[in-house]
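Peer 1: Below is one structure. I have some questions about it.
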Amino acid sequence: MLVSASMHASWNAWVKSRPDPGSAIVALSLGSGLPYVCVLLWVGLPSSAAWPFIAGTVGLSTSSALILTAAYRHGDFAVAYPLVRGLIPVALVLAAIPVFHETPSRGGVAGVVAVALGLLLVAWESARRSKTMTTKGLGLAATAAALNATSALLDAQGARLAAHPLAYAGTIAVCSSLFMAVTQVRRRNLGQVLRTEWKVAIFGPWLSNGSYLLYVWSMTQAPVATVAALRETSMLFALVIGAVALREHIGGWRVVAVGLMLGGVCLLKLA
């Protein structure tokens with residue numbers, strides 16, 4: 001699971017490091033669907049009941065990816081990535097109250113508080129002290145997290161209705177590639193994007209798809225709560241990648257903030 005977390009943080013950092021993160025995420029999305037075509041030929045398509053959820057997930061996840069790359073243009077990777085990862089479980093816990101009539105446990109409440117404190121500390125450290133993330137960047141990161149959380153709620157229902165989990169995941173990937181192509185064809189020269197970002201289009205999917213498949217496999221080998229909590233160690237990998245690969249300044253307050261968010265997310269997952 002630690003390998004999956006490092007791969008997830010790595011492909012996000014790669015997109016952030018490119019001259020045009022928007023073109024890089026488009027190339028990655030286009031390339032990610034191709035391997036799953038073979039998967040769908042093997043396992044078939046999901047049941048018809050899952051398709052409304054697939055449609056919603058595709059639209060939300062694609063929009064979230066594009067908004068996240070915009071956030072990367074307004075601040076450090078080591079700020080934007082942990083912000084999104086920390087906000088998603090908080091949004092899910094809060095949404096579960098009216099949607100599923102779930103009451104969070106004491107551990108869940110403590111987790112929300114810890115993540116909220118971490119987020120506030122990141123916002124303060126970034127906007128006031130080091131100025132490594134603009135106010136617009138913080139808003140974009142929060143929007144991306146909200147869209148991701150909504151997508152996760154749809155996935156929770158859609159995956160259960162699909163005939164096969166690989167069929168569901170494969171259809172999401174292929175449809176996301178097609179949706180990205182349709183929405184971006186008038187905004188970008190897709191041929192030029194693929195020529196410029198061919199490495200991201202070819203090798204990026206190995207990281208993104210590999211991370212997801214390792215996550216799914218881990219779910220069959222260990223308790224779900226443990227796997228979900230370990231997945232959030234990607235925040236720590238983001239700090240290391242930001243400092244070493246992207247040459248970003250990582251101050252003590254940011255380390256404390258990410259520690260608070262990671263601890264809070266673990267409480268949410270294990271509650």
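Peer 1: Return the sequence-ordered ³J(HN,Hα) values of region 82-95 in whole Hz as given by the Karplus equation 6.51 cos²θ - 1.76 cosθ + 1.60 applied to θ = phi - 60°, using x for Gly and Pro.
Peer 2: Once rounded to whole Hz, the list reads x, 4, 5, 4, x, 6, 4, x, 5, 4, 5, 4, 5, 5.
Peer 1: Among 44-52, 112-120, how do they line up by average Cβ neighbours within 10 Å per residue, starting with the highest?
Peer 2: Per-residue Cβ counts within 10 Å, averaged per peptide and sorted highest first, yield 112-120, 44-52.
Peer 1: Quick one: net charge around G242, please, counting Lys, Arg +1 and Asp, Glu -1 for every other residue with C-beta under 14 Å from its C-beta.
Peer 2: Around G242, the charge tally is +1.
Peer 1: Given just the C-alpha atoms of region 1-107, how large is their convex hull per residue in cubic angstrom?
Peer 2: It comes to 162 Å³ per residue, whole-number rounded.
Peer 1: Can you tell me which of 172-179, 258-265, 155-162 comes out highest on packing, and rank the rest after it, using the mean Cβ neighbours within 10 Å?
Peer 2: 258-265, 172-179, 155-162
Peer 1: If you don't mind, another one. What is the pair-distance distribution P(r) of the chain, computed from all Cα-Cα distances in 5 Å bins starting at 0, with each bin given as a whole percent?
Peer 2: Spelled out per bin, shortest first, that is 1, 6, 12, 17, 20, 18, 14, 8, 3, 1, 0.
Peer 1: Still on this model: How do the peptides 202-213, 14-25 rank, highest first, by the average count of neighbouring beta carbon atoms within 10 Å per residue?
Peer 2: The densest-packed peptide leads the list: 14-25, 202-213.
Computed from the coordinates by the stated procedures, all read-outs in this text should not be read as laboratory data. Remember, predicted model here, so these are calculated numbers, not experimental data. Here the Cβ is made from the backbone with ideal geometry for all residues, glycine too, and neighbour counts use every protein chain on show.
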